[in-house]
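Here the structure is laid out as structure tokens; the discussion comes afterwards.
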């Protein structure tokens, strides 16, 4: 959709294993097939848009079908595992993580402007030549991503644990505590909706992401556990001065970002 809307002259073929979902994609004007060999034949770029746990299975299926020049990437939320799969299967691989999407799932949620203004990270632990990495960066930028940057898989996983996986965990925890009595939802305002929106995401996908990045995520949760302990003490002691100082410090950090 993004390729077509931006007038980029490249053929894109979507593969899926579910005939009904593939038919739906076709009805939306996408070229789609259930034939994996047909989808990757002659491809310059193959994008794994699947759960990370499926990547090894697909890599095994396609490795002998790819042209020698084909580059493989993905859109997964963790990068250490895909790089391990690519190395084991001898794929020419550069990881991609466009920071885009929502709590919605399925081809019905697809939008041509999905990547507009989104940050994008590339990981090149496999040592693919820099000009090819630049080509992949140009691809994501052409779809709307803003200034893709390159880092190691380990650094990526640490960063997204804090900026993506941890916020999702906290959104789920917030919804779980807030909705202990679901009848209270009728009193909710914008703050509740903003804080808990991503808790409506696919539980299976997010459970896999959290487990795959568990070490970095545990570090974040331990930090918030310590901060919650301090806040409990502030409340128990009616320590408004310390509580105000903490809230002001966090607000100052948030104000330094350009996130709305």
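Taking a point 7 angstrom from the Cα of residue 192 along the C-beta vector, which residues in region 160-177 have backbone N less than 17 Å away?
The answer is 171-177.
Quick one: of the DSSP bridges fully inside region 2-151, what percent are antiparallel, nearest 5?
Roughly 30 percent of the beta bridges in region 2-151 run antiparallel, per DSSP.
Could you check the simple spin-label distance between residue 215 and residue 54, using points 7 Å along Cα→Cβ, in nm with one decimal?
2.7 nm
Taking the chain, how much of its Cα-Cα pair set, in percent, is spaced more than 23 angstrom apart?
Of the Cα pairs, 60 percent sit more than 23 Å apart.
When a/c reaches 1.5 or more, the comparison of a/b and b/c decides; with that in mind, is region 156-255 rounded, prolate or oblate per its Cα gyration tensor?
oblate
How many angstrom lie between the C-alpha centres of region 1-61 and region 220-260?
45 Å
Report the residues of region 27-54 in range of a label on residue 4: point 7 Å along Cα→C-beta, backbone N strictly under 15 Å from it.
Hits in region 27-54 for residue 4 at 15 Å: 27-33.
Could you state the angle between the C-alpha long axis of helix 203-212 and the longest principal axis of the C-alpha atoms of the chain, as a value from 0 to 90 degrees rounded to the nearest 10?
With both axes taken from Cα atoms, the answer is about 90 degrees.
If one computes the Cα centroid of region 112-158 and of region 73-94, what distance in Å separates the two points?
Computed from Cα coordinates, the inter-centre distance equals 14 Å.
Between residue 162 and residue 182, what's the calculated FRET efficiency when r is the beta-carbon distance and R0 is 35 Å? Round to 0.05.
Once rounded, the FRET efficiency stands at 0.70.
Compute a Gaussian network model of the chain, connecting alpha carbons closer than 10 Å, and tell me which residue from 194, 219, 239 fluctuates the most.
Result for the chain, Cα springs under 10 Å: 239 fluctuates most.
I need the calculated FRET efficiency for the pair residue 110 and residue 13, taking r as the beta carbon distance and R₀ as 25 Å, to the nearest 0.05.
0.95
Out of 109, 216, 199, any idea which swings most in a Gaussian network model of the chain, alpha carbons joined below 10 Å?
Highest fluctuation among the options: 109.
Given a Förster radius of 22 Å and the C-beta distance between residue 207 and residue 154 as r, what FRET efficiency does 1/(1 + (r/R0)^6) yield to the nearest 0.05?
With R0 = 22 Å, the Cβ-Cβ based efficiency is 0.50.
For the chain, what is the percent of antiparallel DSSP beta bridges, rounded to the nearest 5?
Taking every DSSP beta bridge with both residues in the chain, the antiparallel ones total about 30 percent.
Looking only at 223, 241, 38, which one moves most when the chain is put into a Gaussian network model with springs between Cα atoms under 10 Å?
Checking each option, the largest mean-square fluctuation is seen for 241.
Where a number appears in this text, it was derived from the coordinates with a stated rule and is not lab data. None of the values given here were measured: they were computed from a predicted structure. Cβ coordinates were reconstructed from backbone atoms using ideal geometry, including for glycine residues, and neighbour counts include every protein chain displayed.
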